[in-house]
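Worksheet: one structure, shown below.
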Amino acid sequence: MAGNYVSINTSFYQSDEWLATRQKIITERLVNGETICEYCHKPIYKKYDIILHHKIELDELNYQDVKVSLNPDNIMIVHHACHNKIHNNFGKKYSSCYIVYGPPMAGKSTYVKEHLQYGDLIIDIDKIWECISGFNHLKGKPDGLKRNVFAIRDLLYDQLRHKVGFYKNCYIVGGFPLISERERLARDFNAEVLFIDTDKETCMLRANEIEDKEVKKNYITYIENWFDKAKLFDNRK
Ligand SMILES: [Zn+2]
Ligand SMILES: [Zn+2]
């Protein structure tokens with residue numbers, strides 16, 4: 001089906017050329033070691049908050065033209081929130097997809113909530129758990145519902161692939177400790193990957209504030225597991 005908002009049909013944002021250009025631009029434009037937003041002129045403190053905006057928006061055709069897609073003059077470094085503002089002012093034809101990942105208690109949902117706009121699509125497996133179990137996901141994830149939860153998520157992934165529905169931004173939220181899984185998703189959906197890089201101590205402090213003893217214990221285990229997995233399989237953060 002044809003939509004107003006479509007994704008660029010490639011893994012442009014995961015290509016070596018783009019990732020190298022992106023890093024080069026960020027490094028070259030550092031001011032006293034800080035990245036400054038070219039929209040609001042304030043520093044961007046968190047790596048995951050750095051978005052590179054194309055002044056001439058990329059579409060199905062022009063992303064292949066390096067004079068547009070990889071041209072530093074066509075690229076602005078901005079906060080995620082400022083990026084949303086730019087596109088609200090000037091309109092946006094193409095939808096953006098973001099993979100928001102990090103350890104349990106990192107603040108992924110909070111980050112999405114802060115940037116969410118009416119009509120955006122969120123695929124957050126924790127929220128799907130809550131939706132069909134009726135319990136806060138902190139309470140745990142009943143094994144018997146696993147297949148149902150995954151089926152709902154996969155349906156949404158499928159719709160994303162086939163461009164069903166209209167939205168400007170899609171947020172795929174999850175732990176995704178394994179780089180292979182993140183990269184597969186990022187390629188599938190031509191998504192930008194945002195790592196909510198909260199350290200283990202902070203995550204543990206937050207988990208310790210959970211009142212329910214059993215839930216607290218679960219979460220401490222989830223956090224441990226996430227960092228173990230990320231450490232084992234991922235040496236390029
Ligand atoms: Zn800004
Ligand atoms: Zn943009």
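The values are calculated or read from the model by the stated rules, or taken from the named source; none is laboratory data. As the structure is a prediction and not an experimental result, all values here were calculated from the model. Because the Cβ atoms are built from the backbone with ideal geometry, glycine has one as well, and the counts that use them run over all protein chains shown.
Only one of the numbered conditions (1) more than 16 Å from ligand 1 (Cβ to nearest atom); (2) modelled with pLDDT under 95 is violated by Lys85, and that is (1). Looking at the range 171-193, which of the residues that are aliphatic (A, V, I, L, M) and modelled with pLDDT under 95 is surrounded by the most Cβ atoms within 10 Å (Cβ to Cβ)? Per the criteria, the residue is Ala191.
Note on the range 73-91: among residues that are more than 10 Å from ligand 2 (Cβ to nearest atom) and outside any helix (DSSP H, G or I), the one that is surrounded by the fewest Cβ atoms within 10 Å (Cβ to Cβ) is Gly91.
Can you go through Thr35, Thr27 and tell me which one is at pLDDT 95 or above and either surrounded by fewer than 17 Cβ atoms within 10 Å (Cβ to Cβ) or more than 24 Å from Tyr111 (Cβ to Cβ) (or both)? Can you show your working first?
Working: Thr35 fails: either surrounded by fewer than 17 Cβ atoms within 10 Å (Cβ to Cβ) or more than 24 Å from Tyr111 (Cβ to Cβ) (or both).
After applying the criteria, what remains is Thr27.
Any residue at all in the range 24-39 that's closer than 20 Å to Asp197 by Cβ, in a loop (DSSP other than H, G, I, E, B), more than 14 Å from ligand 1 (Cβ to nearest atom) and outside the structural domain of Lys127 (by TED's automatic domain parsing)? Scanning the range 24-39 turns up at least one residue that is closer than 20 Å to Asp197 by Cβ, in a loop (DSSP other than H, G, I, E, B), more than 14 Å from ligand 1 (Cβ to nearest atom) and outside the structural domain of Lys127 (by TED's automatic domain parsing).
When the range 92-143 is filtered for residues that are away from ligand 2 (no atom under 16 Å from the Cβ), under 11 Å from the mean Cα position of the chain (by Cα) and not charged (D, E, K, R), the ones remaining, listed by number, are Ile99, Val100, Tyr101, Gly102, Ser109, Tyr111, Val112, Ile122, Ile123. The residues of the range 6-45 include none that are of a type in the set (Lys, Arg), in contact (Cβ under 8 Å) with a residue 40 or more places away in the chain and under 30 Å from Gln159 (Cβ atoms). Of the candidates Asp188, Asp120, Asp154, the single residue that is under 23 Å from Ala81 (Cβ atoms) and not β-branched (Val, Ile, Thr) is Asp120.
With the range 104-170 as the region, which helices (runs of 4 or more DSSP H) entirely inside it contain at least 1 residues that are farther than 25 Å from Asn225 by Cα and of a type in the set (Lys, Arg)? So that I can check it myself, show each step before the final result.
Values: elements: 108-115, 125-133, 146-161.
Where helices (runs of 4 or more DSSP H) fall fully within the range 104-170 and carry at least 1 residues being farther than 25 Å from Asn225 by Cα and of a type in the set (Lys, Arg), they are 108-115, 146-161.
Looking across the range 41-76, the residues that are within 15 Å of ligand 1 (Cβ to nearest atom) and either within 17 Å of the chain's Cα centre (by Cα) or under 25 Å from Ile122 (Cβ atoms) (or both) come down to Ile44, Tyr45, Lys46, Lys47, Tyr48, Asp49, Ile50, Ile51, Leu52, His53.
For the range 47-63, the tally of residues that are away from ligand 2 (no atom under 13 Å from the Cβ), in contact (Cβ under 8 Å) with a residue 40 or more places away in the chain and surrounded by fewer than 16 Cβ atoms within 10 Å (Cβ to Cβ) stands at 2. Looking only at the range 50-77, which residues are under 22 Å from Leu194 (Cβ atoms) and β-branched (Val, Ile, Thr)? If the condition is that a residue be under 22 Å from Leu194 (Cβ atoms) and β-branched (Val, Ile, Thr), then Ile50, Ile51, Ile75, Ile77 are the ones that fit. Does at least one position in the range 191-210 carry a residue that is among the polar types (S, T, N, Q) and closer than 26 Å to Asp158 by Cβ? No, the conditions are met nowhere in the range 191-210.
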